[in-house]
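Q: If you scroll down you'll find the structure; I have some questions about it.
The values are calculated or read from the model by the stated rules, or taken from the named source; none is laboratory data. Every value quoted in this text rests on a predicted model; they were computed, and no experiment measured them. Cβ: placed from backbone, ideal geometry, glycine included. Neighbour counts: every protein chain shown. With ligands, DNA and RNA removed, areas are computed over all heavy atoms of the protein, side chains included. Shrake-Rupley method; radii C 1.70, N 1.55, O 1.52, S 1.80 Å.
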Amino acid sequence: MTRVLMVCLGNICRSPLAEGILKSKVYLHKTFIDSAGTGAYHVGEKPDRRSIAVANDHGIDISDQKARKFSKKDFENFDFIYVMDQSNYDNVVALASDENEKAKVKLILNEVFPGEDLDVPDPYYGGDFGFKNVYKMLNEACDLIAKKIN
Ligand code: 4NP
């Protein structure tokens with residue numbers, strides 16, 4: 001079983017979309033996918049309605065997801081931890097106990113643009129365009145991740 005965790009700040013906009021998109025591209029009997037946030041502001045909430053809407057436009061239902069906070073335990077429970085931006089990276093890596101755990105953490109857009117360290121922009125305070133843009137970026141990244149783990 002390959003285990004993949006998607007991480008953003010709130011776990012209501014970007015990482016729930018990444019979770020839903022990757023789930024749509026892999027064999028679920030051999031892949032476990034989840035998402036979490038580095039912040040606790042939205043714990044227990046459903047994804048942002050704009051993330052639910054853009055996923056829905058592509059035939060993906062993420063409305064059953066519930067936000068949770070990233071925890072140190074996640075380093076044991078997951079093989080790959082994909083973060084959306086540099087700030088998520090710093091927050092997650094700060095909790096790693098050793099180099100092995102640190103090496104599990106990767107900026108998700110480095111799958112598409114290796115070594116460029118690009119961020120998936122936080123769409124929370126913007127309009128619907130931001131969510132469409134995030135969807136497109138995550139869809140490309142998840143195509144490549146799925147190819148790698150399938
Ligand atoms: P996300 O977006 O990290 O993509 O889920 C955010 C959602 C909420 C907040 C920040 C980012 N917030 O500060 O409430």
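Q: What tally of residues in the stretch 97-124 results from selecting those that are over 17 Å from Arg14 (Cα atoms) and free of Cβ contacts under 8 Å to residues at least 24 places away in the same chain?
A: So the answer is 9.
Residue by residue, here is whether (1) open to solvent by less than 70 Å² (accessible area, probe 1.4 Å); (2) under 20 Å from His58 (Cα atoms); (3) in contact with a Gly (Cβ under 9 Å, 6 or more places away or on another chain); (4) not basic (Lys, Arg) holds:
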position	(1), (2), (3), (4)
Lys104	yes, no, no, no
Leu107	yes, no, no, yes
Asn110	yes, no, no, yes
Glu116	no, no, no, yes
Pro123	yes, yes, yes, yes
Phe129	no, yes, no, yes
Ile149	yes, no, no, yes
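Q: Another question, then. Would you kindly identify the helices (runs of 4 or more DSSP H) lying entirely within the stretch 65-150 that contain at least 1 residues that are within 21 Å of His42 (Cα to Cα) and among the hydrophobic types (A, V, I, L, M, F, W, C)?
A: Answer list for the stretch 65-150: 86-93, 128-149.
Q: Hey, Lys23 hits all of (1) open to solvent by less than 70 Å² (accessible area, probe 1.4 Å); (2) charged (D, E, K, R); (3) under 14 Å from the mean Cα position of the chain (by Cα) but one; which does it fall short on?
A: All conditions pass for Lys23, except number (1).
Q: Just to be sure before I move on: is Met84 surrounded by 14 or more Cβ atoms within 10 Å (Cβ to Cβ) and touching a strand residue (DSSP E or B) at 6+ places or on another chain (Cβ under 8 Å) in the structure I sent?
A: Details: surrounded by 14 or more Cβ atoms within 10 Å (Cβ to Cβ): yes; touching a strand residue (DSSP E or B) at 6+ places or on another chain (Cβ under 8 Å): yes.
Yes, satisfied.
Q: If you don't mind, another one. Quick check on the stretch 1-29: of everything there that is more than 7 Å from the ligand (Cβ to nearest atom) and of a type in the set (Lys, Arg), which residue is farthest from Leu144 (Cα to Cα)? Let's see the steps before the verdict.
A: Residues of the stretch 1-29 that are more than 7 Å from the ligand (Cβ to nearest atom), as a first pass: 1-7, 16-29.
Subset that is of a type in the set (Lys, Arg): 3, 23, 25.
Numbers: Arg3: 16, Lys23: 13, Lys25: 10 Å.
Checking each candidate, the answer is Arg3.
Q: Here's a follow-up. Failed condition for Gly44, given (1) on the phi > 0 side of the Ramachandran plot; (2) in a helix (DSSP H, G or I), with all others met?
A: (2)
Q: Listed residues Ala53, Ala40, Ala36; which is open to solvent by 40 Å² or more (accessible area, probe 1.4 Å) and either without any contact (Cβ under 8 Å) to a residue 40 or more places away in the chain or within 21 Å of Tyr89 (Cβ to Cβ) (or both)?
A: Working: Ala53 fails: either without any contact (Cβ under 8 Å) to a residue 40 or more places away in the chain or within 21 Å of Tyr89 (Cβ to Cβ) (or both); Ala36 fails: open to solvent by 40 Å² or more (accessible area, probe 1.4 Å).
After ruling out the rest, the residue left standing is Ala40.
Q: Still on this model: Just checking, does the stretch 61-69 include any residue being touching a helix residue (DSSP H, G or I) at 6+ places or on another chain (Cβ under 8 Å), open to solvent by 10 Å² or more (accessible area, probe 1.4 Å), more than 10 Å from the ligand (Cβ to nearest atom) and aliphatic (A, V, I, L, M)?
A: First pass over the stretch 61-69, keeping only residues touching a helix residue (DSSP H, G or I) at 6+ places or on another chain (Cβ under 8 Å): 61-63, 65, 67.
Next, from what is left, pick out any that are open to solvent by 10 Å² or more (accessible area, probe 1.4 Å): 61, 63, 65.
Okay, now just the ones that are also more than 10 Å from the ligand (Cβ to nearest atom), so 61, 63, 65.
With the extra rule that they be aliphatic (A, V, I, L, M), the set shrinks to none.
No, every residue in the stretch 61-69 fails to be touching a helix residue (DSSP H, G or I) at 6+ places or on another chain (Cβ under 8 Å), open to solvent by 10 Å² or more (accessible area, probe 1.4 Å), more than 10 Å from the ligand (Cβ to nearest atom) and aliphatic (A, V, I, L, M).
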